[in-house]
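Heads up: the structure comes next, in structure tokens.
The values are calculated or read from the model by the stated rules, or taken from the named source; none is laboratory data. All values derive from a computational prediction rather than experimental measurement. Glycine gets a Cβ as well: all are built from the backbone with ideal geometry, and neighbour counts include every protein chain shown. To get the accessible areas, we keep the full protein, side chains included, count just its heavy atoms, and leave off ligands, DNA and RNA. Shrake-Rupley method; radii C 1.70, N 1.55, O 1.52, S 1.80 Å.
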Amino acid sequence: SRAHRGAGPKTSPGRRRPRTPARAAMKIKVLQRSERDFVSANGGIARHNRNADPQLHPFERAREYQRALTAVKMEKMFAKPFVKAMDGHLDSVKCMAVARRPGAPLVTGACDGELRVWNLQGLTCGAIVPRAHAGFVRGVAVSPDGARAFSCGDDKCVKMWALDEANRSMEGSALSTYHCASISNSIDHHWKKPMFVTTGDTVDVWDYQRSAPLSSFEWGCERVIMSAFNPAESCLIASTAVDRSVGLYDLRGNTPIRKVLLKMRSNAVAWNPLAPVNFVVANEDCNLYTFDMRNLSKAIGRHWDHVMPVLAVSYNPNGQEFVSASYDATVRVWSVDGARSKDVYHTKRMQRVLCCNFTPDGRFVLSGSEDANIRVWKAKADQKLGTLTDREKRAGAYREALKEKFQRLPEIRRIKRHIHVPKMVKSITNKRRIMREAKTRKEENRRKHSKPGSFPHVPMKKRQIIKELE
């Protein structure tokens, strides 16, 4: 073997033998996956990784549109807004009030002079004051801390009651009685201070410790219907009167500031708690108007779906929506910037609705009607009662985002606008639509065949306003 190894070509002693080049190192990548990266700790739900590159998903918008269509259909399918009817009153429920804090009880007044306190957690009656006033209970209010309740009635008296918030009860005798010069139509409590305002022949501001009003306002009208304190500016009051005016009063100067005169009377007024410069009035012309107190020459919003006079209005504590009660026996929920109602609540037995309110958490709507019942509704008709899991919350938020994204498309808009209403409301709505279209055609023809500028176009938000006074 040694001879065999030496049989190769010989090399000279001065030259080295050429070295064989070394092989290149090979790089190997190993796929390593951990099970905990793909399975969550709770429930064992598999995670799906997704590439968000839009080029890889050419049909993403079509899929989202189909999901939005399914979501808006599910909203109508699961819409069951009615929760419970609380009975007990023997006459029409004229007014209601609840403190602006979670868990506060509801105080209602009836046309037979009775006051009741309701536990909103158990939806039961907690206390009854049978003859709180002689005649109608015109208005009720609750202090911000929930310790005092106030009521006014046809006996020209305002009474202060001790309210036990823990037991949802009320003492049978009034703590104090304030005598007014005329019958009070409404009462409202200050948002922070121990003060309240009543309306009758004048607008009177009262203090807890005084038997006479601190201030009285009168501005050329026989009777004031309702007033309300501004939530941010503590010295500002808005009121509606029988002379078709909506007025503003300032406590610092004890003088009226300004008022606007409408074509028809306004029955109620409410301030927006989120945007305190805006307030909404419920009018006899079946509409609601939103005004900016800095400019009353025109309304910044007109809300038109009711077919009979609107009697009451109240804002959600979040300031994004409000509820109205009407003579047409319906309760409607509105968005602050929407001209048409988001939803309408009604039952076969519910008669004319005289008052309405939101619960302090904004999740439920309360209404009182002439059939002596207080009804509890969901603020969102398809919301699920009870505790929601995180997965349900995320799925609900995703569906809401899809509906908002595709809300302008005709099919989704048609399904979302479709609302079942009573036959009477439907027939009146059709008649009003025909009359409105005929009036619009008449105005267009008159403008077309008149001298340019002799018949100018007046926006709908200005048509009901006659003039502004200061």
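See the values below:
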read-out	value
Within the chain: Cβ-based charge dipole about Cα centre, in debye rounded to nearest 20 (Lys, Arg +1; Asp, Glu -1)	5060 debye
All Cα pairs of the range 59-151, percent lying beyond 23 Å	44 percent
Exposure rank, largest accessible area first [HIS418, HIS48, HIS190; 1.4 Å]	HIS48, HIS418, HIS190
Charge dipole of the chain about the Cα centre (unit charges at C-beta), most positive-ward option of SER450, ILE428, CYS152	SER450
Most positive-pole-ward Cα, THR359, GLY126, ALA381, against dipole of the chain from beta carbon charges	ALA381
Of TYR249, PRO194, LEU163, farthest towards positive along the dipole that unit charges on Lys, Arg, Asp, Glu beta carbons give the range 154-286	TYR249
Hull shadow area, averaged, the range 48-101 [alpha-carbon convex hull, nm²]	8.9 nm²
Heavy-atom accessible surface of the chain: percent carbon and sulfur, 1.4 Å	51 percent
Compactness of the range 116-266 as Cα Rg over 2.2 N^0.38 Å, two decimals	1.07
Dipole magnitude of the range 123-264, debye to nearest 20 (Cβ charges: Lys/Arg +1, Asp/Glu -1, about Cα centre)	200 debye
Cα principal axis extents for the range 101-160, largest first, Å	32, 22, 12
Cα-based Rg of the chain normalised by 2.2 N^0.38 Å, two decimals	1.49
Placed amide H near GLY301: partners under 5 Å, 5+ positions off or other chain	THR290
Solvent exposure, largest accessible area first (probe 1.4 Å, DNA, RNA and ligands not counted), of ASP337, ASP87	ASP337, ASP87
Cβ charges +1 (Lys, Arg) and -1 (Asp, Glu), total dipole of the range 229-348, debye	220 debye
Alpha-carbon gyration tensor eigenvalues x 5, square-rooted, for the range 219-376, Å	25, 17, 14
Computed [θ] at 222 nm, helices only, for the chain once each DSSP H run of length n ≥ 4 contributes -39500 (n - 2.57)	-5000 deg cm²/dmol
